[in-house]
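Notes for the one structure printed next.
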Amino acid sequence: MPVWGWLVPVVALCTLVMALGIGVGSWLALFCGVALGVAGLVAVHHAEVIAHRVGEPFGTLVLALVVTAIEAALVLSMMKAGGEDMAVLPRDAIYAAVMIICNGVVGLCFLLGGLVHREQTFRVEGAGAGLAALIVMASLVLVLPVFTTTTGAGTYSTWQLAFVAAASASLWAIFIFVQTVRHRDYFIPEKNAADPEAHADPPSTGQAWASFGLLLLSLVSVVGLAKMLSPMIERGVEMANAPRAVVGIAIAALVLLPETLAAVRAARADRLQTSMNLAIGSALASIGLTVPVVVLAAIIFHLPLVLGLSPKEMVLLAVTFLLSAVTLGTGRTYMMQGAVHLVLFVAYLFLALVP
């Protein structure tokens, strides 16, 4: 293992401890930002070591599970601290994660992969199943609360929340069973003769466990530093007179950084199947894991929770799923598809800043 593989997570954790102890000033905030970015890069390295050891699709599942679990903890802690002001944070973070992954990450992978390799392929059976589950989960969590009549607009009753949480968790669990057991071959990439990693000897069990521990340490540092920087992000949003939804976008972008880097790197190495496993798996986990945790906490601690999107956001979400059905429907991609996804992603960001 290279020296930076263990040194960076340790330095990032020390930076987090220092920020917790003395607070985040201007200079320490800058150092925290650098540590966060570098720790994200190192997390990608350790995730790829684990993926090489256990093989697809289990390797990409590790990163998606760990990142989403910590994201749920981050959202929950901010909800408890912020009270009613944070009632929309889970909605904003989940919506931002879906849009970042389905348009930003997928678009970058398609565009860069198309520029480098002209045309790439992946198994449409796996991607189609994941997209179908994502459409249903996102509709239940983010769209239907606007149209239900038991409670106010954009909210669910306690029983409705329990049903949506159970449905989301069930769909996610079924997808994982299909991905890892029943139809695992739908998610395994074809061997790529041009990829040197495909022919490298897998790391030892000891190296894989060491990378797993350092991956956890890196991700805890990433999310902890993101949480420390979030008040400054909120103050910056207020000073810029920007909408509060920008906070959810910033948090989702910071937490998804390791997965984004891993997916883009896989696409450049002509392993688009790995990129799709990461992207779709992360989007499903962001709902299937985060929603049950947030709902359970909202019921137990009587936290306010608003899930329904505005009409503008529902239109963007619907266009995203329609576009994804077209671009993922053939199993073959090139740069034009990536450009279309990225234009929609930029439109999402612009309209979030200028509603």
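The values are calculated or read from the model by the stated rules, or taken from the named source; none is laboratory data. Please read all numbers here as calculations on a predicted model, not as lab measurements. Note that we place each Cβ from the backbone using ideal geometry, even for glycine, and neighbour counts take in every protein chain shown.
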Original post:
Going by the structure shown, is VAL237 under 20 Å from ILE100 (Cα atoms) and at pLDDT 75 or above?
Top reply: no
Original post:
Taking the range 311-339, which residues are surrounded by fewer than 13 Cβ atoms within 10 Å (Cβ to Cβ) and either in a helix (DSSP H, G or I) or without any contact (Cβ under 8 Å) to a residue 12 or more places away in the chain (or both)?
Top reply: PRO311, LYS312, VAL315, LEU322, VAL326, MET336
**OP:** Report whether or not GLY213 is out of contact with any helix residue (DSSP H, G or I) (no Cβ under 7 Å at 6 or more places or on another chain) and either surrounded by 19 or more Cβ atoms within 10 Å (Cβ to Cβ) or under 29 Å from PHE58 (Cβ atoms) (or both).
**Re:** yes
Original post:
Can you list the helices (runs of 4 or more DSSP H) found entirely within the range 47-139 that contain at least 1 residues being over 16 Å from ILE280 (Cβ atoms) and modelled with pLDDT of 90 or more?
Top reply: 89-99, 106-117
**OP:** Assess whether GLY25 counts as being in contact (Cβ under 8 Å) with a residue 12 or more places away in the chain and either more than 30 Å from GLY308 (Cα to Cα) or surrounded by 21 or more Cβ atoms within 10 Å (Cβ to Cβ) (or both).
**Re:** no
Subject >> Residue check for LEU303: assigned to a loop (DSSP other than H, G, I, E, B) and either of a type in the set (Phe, Trp, Tyr) or surrounded by fewer than 21 Cβ atoms within 10 Å (Cβ to Cβ) (or both) >> reply: yes
Subject >> Filter pass, VAL106 being crowded, with 21+ Cβ neighbours inside 10 Å and farther than 12 Å from VAL291 by Cβ >> reply: yes
Original post:
Do you know which residues across the range 253-282 are in a helix (DSSP H, G or I), of a type in the set (A, V, I, L, M, F, W, C) and surrounded by fewer than 24 Cβ atoms within 10 Å (Cβ to Cβ)?
Top reply: ALA253, LEU254, LEU257, LEU261, VAL264
Original post:
What residue, among those in the range 283-298 that are within 16 Å of MET78 (Cα to Cα) and out of contact with any Asp or Glu (no Cβ under 8 Å at 6 or more places or on another chain), is surrounded by the fewest Cβ atoms within 10 Å (Cβ to Cβ)?
Top reply: LEU296
**OP:** Look at the range 306-332 and say how many of its residues are among the hydroxyl-bearing types (Ser, Thr, Tyr) and either touching a Cys at 6+ places or on another chain (Cβ under 8 Å) or under 18 Å from MET137 (Cα atoms) (or both).
**Re:** 3
